[in-house]
Amino acid sequence: MNHLVVATRNKGKILEINALLAGLVDRISGAGDYVDFPETIEDGATFEENALKKAREAVLFTGLPALADDSGLVVDALDGRPGVFSARYAGEGAGDTANNARLLEECRDIPSDRRQAAFVCVLAFVTPEGVEKLFTGRVAGRILTAARGEGGFGYDPLFLVDGFERSMAELTLAEKNGVSHRAWAFMKFREYLETME
């Protein structure tokens, strides 16, 4: 593929995607590379709806194949919350500290054997020709009663990764990239691109 636009202004994410798709995409640009790139209102009820909406708007704006993702934390005992509201769980503009505090408060009376959760990432790939594909990655774990670890971001310090018995924030970057929900979704997308080529 010659050129792919990724519907994000996060330069770190663009660098990560360049590495993940090396050899398959010649050029990757992000929302920050364009003047007046639209800010998508993420009002979907699911990760799939939000990711598709972002990718469709990026295609309309650039005329290029586009990739967008939506991801978050799903806690079984909270009926899937925070879900699509993961980034703003404690309110619009809330940061990681406030979001984590709200999650701990909501999970306070949930016993440890009922704290199952998963990080979910949905990638949407949309082309100007109307192709629309979704790729989902997830990593299972449990919600801790207190934060552990200094790495990562978001809910990483509260998420005990199945099979590691360490929080996501206690994993090395290489370990995290090997098991993360985003890594799984991108692995599936990469396989799809390889079959396209």
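The values are calculated or read from the model by the stated rules, or taken from the named source; none is laboratory data. Computed from a prediction, not measured in an experiment: that's the story for all the values here. Using ideal geometry, Cβ is built from the backbone for each residue, glycine included, and neighbour counts are taken over all protein chains shown.
Any chance you could count how many residues in segment 97-110 are surrounded by 16 or more Cβ atoms within 10 Å (Cβ to Cβ) and within 19 Å of the chain's Cα centre (by Cα)?
3
Listed here are the residues, each with its yes/no results for (1) in contact with an Asp or Glu (Cβ under 9 Å, 6 or more places away or on another chain); (2) closer than 16 Å to Thr136 by Cα; (3) small (Gly, Ala, Ser); (4) surrounded by fewer than 19 Cβ atoms within 10 Å (Cβ to Cβ).
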position: Ser29; (1), (2), (3), (4): no, no, yes, yes
position: Tyr34; (1), (2), (3), (4): no, no, no, yes
position: Phe47; (1), (2), (3), (4): yes, yes, no, no
position: Gly63; (1), (2), (3), (4): no, no, yes, yes
position: Ala68; (1), (2), (3), (4): yes, yes, yes, no
position: Gly72; (1), (2), (3), (4): no, yes, yes, no
position: Asp79; (1), (2), (3), (4): no, no, no, yes
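Suppose we filter segment 132-157 for residues that are in contact (Cβ under 8 Å) with a residue 24 or more places away in the chain and closer than 29 Å to Val6 by Cα; how many remain?
Selection size over segment 132-157: 16.
Taking the residues in segment 111-126 that are under 17 Å from Gly141 (Cα atoms) and aliphatic (A, V, I, L, M) as candidates, determine which candidate is surrounded by the fewest Cβ atoms within 10 Å (Cβ to Cβ). Quick ask: steps written out before the conclusion?
So the first thing to find is which residues in segment 111-126 are under 17 Å from Gly141 (Cα atoms), and the list is 111-121.
Checking the rest, the ones that are also aliphatic (A, V, I, L, M) come to 117-118, 120.
On the way: Ala117: 25, Ala118: 18, Val120: 24.
Filtering first and then ranking leaves Ala118.
I need the full set of residues from segment 10-21 which are in a loop (DSSP other than H, G, I, E, B) and either of a type in the set (Gly, Ala, Ser) or free of Cβ contacts under 8 Å to residues at least 24 places away in the same chain (or both), in order please.
Passing the criteria: only Asn10.
Considering every residue within segment 145-155, establish whether at least one is assigned to a strand (DSSP E or B), surrounded by 15 or more Cβ atoms within 10 Å (Cβ to Cβ) and at pLDDT 95 or above.
no
Of the residues Gly30, Gly93, which single one is farther than 24 Å from Val131 by Cα, free of Cβ contacts under 8 Å to residues at least 60 places away in the same chain and of a type in the set (Gly, Ala, Ser)? Step through it out loud before you land on a result.
Details: Gly30 fails: farther than 24 Å from Val131 by Cα.
From the options Gly30, Gly93, the qualifying one is Gly93.
Tell me the residue from Ala51, Ala31, Ala87, Ala58 that is under 15 Å from the mean Cα position of the chain (by Cα), under 16 Å from Val126 (Cβ atoms) and not polar (S, T, N, Q), please.
Only one candidate passes the filter, namely Ala51.
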